[in-house]
Every structure is written in C-alpha cells, then in structure tokens.
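The values are calculated or read from the model by the stated rules, or taken from the named source; none is laboratory data. For clarity, every value in this text was computed on a predicted model and none was experimentally measured. When we count neighbours, we look across all protein chains shown, and the Cβ atoms used for this are built from the backbone with ideal geometry, even at glycine. Side chains are part of the model used for accessible areas, which takes the heavy atoms of the whole protein and leaves out ligands, DNA and RNA. Shrake-Rupley method; radii C 1.70, N 1.55, O 1.52, S 1.80 Å.
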Amino acid sequence: MISVFDYTEPHGFLSDIFEDKKRRNSAFSLRAWAKQMQLKSHSHLSQWLNGKKDILPSHIPQINSSLNLDDKELKFFEAMVCYYKAQGAQRDFYERQMFLFHPDNESVYLNEQYFEIISKWLHMAILEMTNLPGFKSEAEWIQKRLLKKYSLKEIEDALERLVGMGLLSKVENTLVKTNKRLTTPKDRPHVAIQNHHREVLEMASDFISKQDVQERCYDTCTMTIDSSRLEEAKKLVIKFRQDMSQLLESSEGDKTYQLAIQLFRVSE
C-alpha cells in the first residue's frame, strides 16, 4: 500500500498513486482521474504528476476528493505541499508540521539522534549484526567483527543511541532489533543521508583491494540516457534493492553485507 507518510514531495506521491491505480485497473487513465477530481482538463493533472506545475494548497480539496485521506494523512499532505515550495524559516515550519503529523514521529526528520543514526553507517551495521549467530551486544565483540574500524567509545555511543531511539531493545541480557521502522526521506537531499552515502562509497573504495572477487560484486556501466525516463529508472533501482533484500536477508544469516547502488549524471 502506498502511504503519504513515505513522501516529502507531492508530485512523486501522486505519480505513484496513479501508477498503483493503473496496476489495479488497466483501463484507468489520466482523464478518468482528472474527472474524479472534477478538473477541467487532464493536462493539468499530467503537469502535477511530472512536476511541471506546482500543486497549491487550493488544489488539495480537489485532489483529496479522489484520495479520501483521513484527517492526519490530509494534514501531512497539506504540510508537504507547503513545504515543497517554502524557503528558509517557512520551510523549517512545514517540515516540523510533517514531523508532528507522521505516525512514527519518534524516528523521522528533525530528531538530533535520528540525524546521527542516519549519518553514520555504524548504526546500520550494528542493527543488522544483531541477526548474526552468537551476537553479543558488547562494544568489544562488535569492534572485532567489523572490517571498518571504530573506537570502543564510538560503538558504545552508537549502542546507546539505538536503544534511546527504540531501535534496539534489551531481551534476556542482550540487545535485539525491534520492529520499529526507521524512515528516511525518499525524494529530497538531506545532509545526514549524504554523509551516509559518502561513508559507504569510501568503504567500497577501500574494500575493493582487500576482498577477493569471490566475496564481492562490483559492476558499473556508463550510458547516454533519455532523461525523461529517469523516474522510471529510480523505481527500478528501488525494486532491485527490495528484491535483493528479499533474496538474501535472513534472521539466520552468517555474514553482514552492504549493498550500494549509484546512478548519477557525469555530463553537463
């Protein structure tokens, strides 16, 4: 199910809703959806979906006539619409509104602990290492098993942060990963996320000469593309990552791996 709470950009949210409607009903069209919204022309809706025309707060009642968002979802969507075009202090205000209306607001966006967790790869590694056989929630045990070296203080701080955010919970004298979801913005730049990707890229560069080809898979290609299909490409990347996780992830796994995918422009 597509949830408005997984987005911070209204065009992408509506575009995914439209694709979902088409999957459920092959006869569904832009014209049909525009008619549901009582729009004079489907071209207006098309421009919303591809980001060529701004969605304004005044458009929200028409849009919601076909979405039927509940009260909290609608308030989140309204804040998201305003956030997308806001600047400076206004942008901070609407981001705060999105945070407040999000059902999992203990782990999204504006929390300093959240920033640290997303920014530093160590936290993600620890969360996944809890699935390793014989896992011990001791800084020394974790330090010995990580190929990337961290100090004991860094690991202890990370453990404390993960417990404080409710991402790790103590069960029978050890720490286990909870079912609490860590939400990251899918559709906008964020300094913490940029730091995270930068660290992962540095690790990939470092380990390429330290691991045998039997233990790793590095692949790359350079393409001249039709940039109008970039959004489709991003969705394929996300689907690939999800499929790979479904294939490999196991509560009885014996190694912790990092999957990193990059698609970026190299020409002006």
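Odds and ends about this structure:
- Apportionment of accessible area to carbon and sulfur, the chain, percent (1.4 Å): 50
- Stretching the chain fully between Ile261 and Lys72 yields a gain of 64.7 nm (0.36 nm per residue, less the alpha carbon separation).
- Here the dipole of region 18-60 is about 180 debye; that uses its Cα centre as origin and unit charges on the Cβ of Lys and Arg (positive) and Asp and Glu (negative).
- Nearest-ten-degree value, helix 71-85 long axis tilted from longest Cα axis of the chain: 90
- Whole-angstrom Cα spans of the chain along principal axes, big to small: 65, 42, 37
- Most positive-pole-ward Cα, Ser169, Ser209, Gln38, against dipole of the chain from beta carbon charges: Gln38
- For the peptides 27-36, 72-81, the ranking by mean Cβ contacts within 10 Å, running from highest to lowest, is 72-81, 27-36.
- Stretch gain in nm, segment Lys53-Lys210, where the contour uses 0.36 nm per residue and the Cα spacing is subtracted: 51.6 nm
- For the listed residue pairs Lys52/Lys85; Lys148/Lys234; Lys22/Lys53; Lys153/Lys210; Lys149/Lys210; Lys153/Lys255, the alpha carbons are over 20 angstrom apart in Lys148/Lys234; Lys22/Lys53; Lys153/Lys210; Lys153/Lys255.
- Nearest 10 degrees, 0 to 90: helix 152-164 Cα axis against the chain principal axis: 40
- Each Cα pair under 8 Å and six or more residues apart adds its sequence gap; the mean of these over the residue count of the chain is a relative contact order of 18 percent.
- Dipole magnitude of the chain, debye to nearest 20 (Cβ charges: Lys/Arg +1, Asp/Glu -1, about Cα centre): 860
- Amide H partners (placed H, <5 Å) of Leu175, local residues excluded: Ser137
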